[in-house]
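Heads up: the structure comes next, in structure tokens.
The values are calculated or read from the model by the stated rules, or taken from the named source; none is laboratory data. Only a predicted model underlies this, so the values are computations on that prediction, with no experimental measurement involved. Neighbour counts run over all protein chains shown; Cβ positions are idealised from the backbone, glycine included. Calculation scope for accessible area: heavy atoms of the full protein, side chains included, ligands and nucleic acids excluded. Shrake-Rupley method; radii C 1.70, N 1.55, O 1.52, S 1.80 Å.
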Amino acid sequence: MWKNFKAWLYWHTHPIPKELRAFRQSVAVNGTDFVMTRATMADLDDMLAAEHEAYGGVDPWPRYIFEQELNRTRERLYVVLRHPETNSLVGFMGASFRPGIREVHLTNITITPHWQGREVGTFFMSYLMTLAKQSRFSRVSLEVAVANERAIRFYERFGFQIIRERRNYYGKQQHAYDMALILKNGK
């Protein structure tokens, strides 16, 4: 019984698998090879530049928020995808692992404009759902701007459903949808 309790306690305080604490992995997306690693502070300037470019000069998150997120290594996972020849950032994804409610929350997904429409976002979402299932989480959630119809359709392709609308979530008159996907049996 003590062994089971220790395993439960460890999972609740360290929901991200040990293998994901630091890794470097070669992946192929739609016929193109990339290198995927866990994001660190060394990636931060590139992540901020990617967001700035992808959101047309608007910076949705200030630097200090990213710094806080990257420092929360026990329950947050941020991964970056880079082109191996140029080391340029292709995109990144962040997630919060919430073992108390068995949920993985997508906090951020950004693909640089040059790589949008080339299945990189699909790769990130598939990767996140695989991690959630392997770690026995039962739900994946996210927020998305009501005006971002392209992103809403993208998430709906994976089975996400709109749960509710949050008024003024991104600022005055900038509403968001909470969306969620229930994973079959947490598996």
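Could you please tell me which pairs satisfy a Cβ distance under 7 Å, a separation of 6+ or placement on different chains, a first residue in the range 115-142 that is of a type in the set (Val, Ile, Thr), and a second residue that is part of a helix (DSSP H, G or I) and open to solvent by less than 30 Å² (accessible area, probe 1.4 Å)?
Listed pairs, sorted by first residue: 140/128; 140/129; 140/132.
Hey, any hits in the range 14-30 for a residue that's touching a helix residue (DSSP H, G or I) at 6+ places or on another chain (Cβ under 7 Å) and part of a loop (DSSP other than H, G, I, E, B)?
Within the range 14-30 (the criterion being touching a helix residue (DSSP H, G or I) at 6+ places or on another chain (Cβ under 7 Å) and part of a loop (DSSP other than H, G, I, E, B)), the answer is yes, since at least one residue qualifies.
Can you confirm whether residue 124 is out of contact with any Asp or Glu (no Cβ under 7 Å at 6 or more places or on another chain), aromatic (Phe, Trp, Tyr) and surrounded by 13 or more Cβ atoms within 10 Å (Cβ to Cβ)?
It is true that residue 124 is out of contact with any Asp or Glu (no Cβ under 7 Å at 6 or more places or on another chain), aromatic (Phe, Trp, Tyr) and surrounded by 13 or more Cβ atoms within 10 Å (Cβ to Cβ).
Identify the residue in the range 29-64 that is at pLDDT below 95 and of a type in the set (A, V, I, L, M, F, W, C) and, among all such residues, is surrounded by the fewest Cβ atoms within 10 Å (Cβ to Cβ).
Among residues in the range 29-64 that are at pLDDT below 95 and of a type in the set (A, V, I, L, M, F, W, C), the one surrounded by the fewest Cβ atoms within 10 Å (Cβ to Cβ) is 58.
Does any residue of the range 98-116 turn out to be acidic (Asp, Glu), under 16 Å from the mean Cα position of the chain (by Cα) and open to solvent by less than 30 Å² (accessible area, probe 1.4 Å)?
Among the residues of the range 98-116, at least one is acidic (Asp, Glu), under 16 Å from the mean Cα position of the chain (by Cα) and open to solvent by less than 30 Å² (accessible area, probe 1.4 Å), which makes the answer yes.
Suppose we filter 181, 131 for residues that are in contact with a Gly (Cβ under 7 Å, 6 or more places away or on another chain) and open to solvent by less than 60 Å² (accessible area, probe 1.4 Å); which single one remains? First the steps, then the outcome.
Numbers: 131 fails: in contact with a Gly (Cβ under 7 Å, 6 or more places away or on another chain).
Unique residue meeting the criteria: 181.
Just to verify a result, which residue in the range 136-183, among those that are assigned to a strand (DSSP E or B) and among the polar types (S, T, N, Q), is nearest to residue 111 (Cα to Cα)? Give the derivation first.
Start the filter on the range 136-183 by keeping residues that are assigned to a strand (DSSP E or B), which leaves 139-145, 161-166, 176-182.
From the residues that got through so far, the ones that are among the polar types (S, T, N, Q) too are 141, 161.
Values: 141: 19, 161: 22 Å.
Going through the qualifying residues, I end up with 141.
Answer yes if at least one residue in the range 162-175 is within 15 Å of the chain's Cα centre (by Cα), open to solvent by 10 Å² or more (accessible area, probe 1.4 Å) and not aromatic (Phe, Trp, Tyr), and no otherwise.
No.
Does residue 131 meet the test of being over 24 Å from residue 56 (Cα atoms), in contact with a helix residue (DSSP H, G or I) (Cβ under 8 Å, 6 or more places away or on another chain) and at pLDDT below 95?
Yes, satisfied.
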